[in-house]
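Colleague: Please find one structure pasted underneath; my questions will follow.
The values are calculated or read from the model by the stated rules, or taken from the named source; none is laboratory data. Quick caveat: nothing in here was measured; it's all calculated off a predicted structure. Virtual Cβ from ideal backbone geometry, glycine too; neighbours counted across all protein chains shown.
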Amino acid sequence: MPTIDECLSVEDAVTPDNLADSVGFLLAAPPFSMLVDSPEAGKRIIDAFRKISLDPLLVFKLSLARDQFPQIFSHSLEVAVCAAIIAQSTEGKFAQNVTMAAASGLFHDLGLLHIDPEILRSERDLSDQDRQHIYSHPVIAYLILSKVPEWHPTVSSAVLEHHERIC
């Protein structure tokens, strides 16, 4: 039986094409314009976003983020662009890797959508319990992505580990 999230839809939903358009605007201005080697490299990054497969669950989550939590959405899009730029600079001939890196950045904070918004918007010192809720967001995002075969386990694992420290 599908979850409620899998049954919901929104008008003017996020699509790979409008993600790519947003990325084009980001890449056209500093600081991102300074990070791309050439117009062709920018086009390849934009194309990578057009190739991101969005099932209805992810469309709903991203649209919710864009409309209700614009800071989370903007941050995720910027992280996705950075990840794509890095992936392209290290493995530029492998477009699939650039798309996977972009998807990892785009989806990395989806778990924050399941945290009490009052905790996220709070300007007071967070309690230990509040911090634990925030720290759980990579696990929540992993669980969301584990339901999407296109992105599990590669992207879901990257999302799960995005706050891990390498010592």
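Colleague: Using the structure shown, decide if GLN88 is within 17 Å of GLY24 (Cα to Cα) and modelled with pLDDT under 95. Lay out the reasoning, then the answer.
Modeller: Numbers: within 17 Å of GLY24 (Cα to Cα): yes; modelled with pLDDT under 95: yes.
Taking the combined requirement at face value, the residue satisfies it.
Colleague: Of all residues being in contact (Cβ under 8 Å) with a residue 40 or more places away in the chain, part of a loop (DSSP other than H, G, I, E, B) and not hydrophobic (A, V, I, L, M, F, W, C) in the range 114-167, which is nearest to VAL59 (Cα to Cα)? Just the residue, please.
Modeller: The qualifying residue nearest to VAL59 (Cα to Cα) is LYS147.
Colleague: Let me ask you something else. Looking at the range 41-53, which of its residues are part of a loop (DSSP other than H, G, I, E, B) and surrounded by fewer than 22 Cβ atoms within 10 Å (Cβ to Cβ)?
Modeller: Start the filter on the range 41-53 by keeping residues that are part of a loop (DSSP other than H, G, I, E, B), which leaves 51-53.
Selection gives LYS51, SER53.
Colleague: Do you know which residues across the range 141-154 are surrounded by 19 or more Cβ atoms within 10 Å (Cβ to Cβ) and either farther than 15 Å from MET100 by Cα or touching a strand residue (DSSP E or B) at 6+ places or on another chain (Cβ under 8 Å) (or both)?
Modeller: ALA141, ILE144
Colleague: Here is a list of conditions, (1) surrounded by fewer than 16 Cβ atoms within 10 Å (Cβ to Cβ); (2) within 17 Å of the chain's Cα centre (by Cα); (3) aromatic (Phe, Trp, Tyr), and PHE107 meets all of them except one; can you say which number that is?
Modeller: (1)
Colleague: What residue, among those in the range 9-40 that are in contact (Cβ under 8 Å) with a residue 40 or more places away in the chain and among the charged types (D, E, K, R), is surrounded by the fewest Cβ atoms within 10 Å (Cβ to Cβ)?
Modeller: Going residue by residue through the range 9-40, those that are in contact (Cβ under 8 Å) with a residue 40 or more places away in the chain are 9-10, 12-15, 19, 22-23, 26-27, 32, 35-37.
Remaining after also requiring among the charged types (D, E, K, R): 12, 37.
Details: ASP12: 9, ASP37: 11.
Among those that are in contact (Cβ under 8 Å) with a residue 40 or more places away in the chain and among the charged types (D, E, K, R), it is ASP12.
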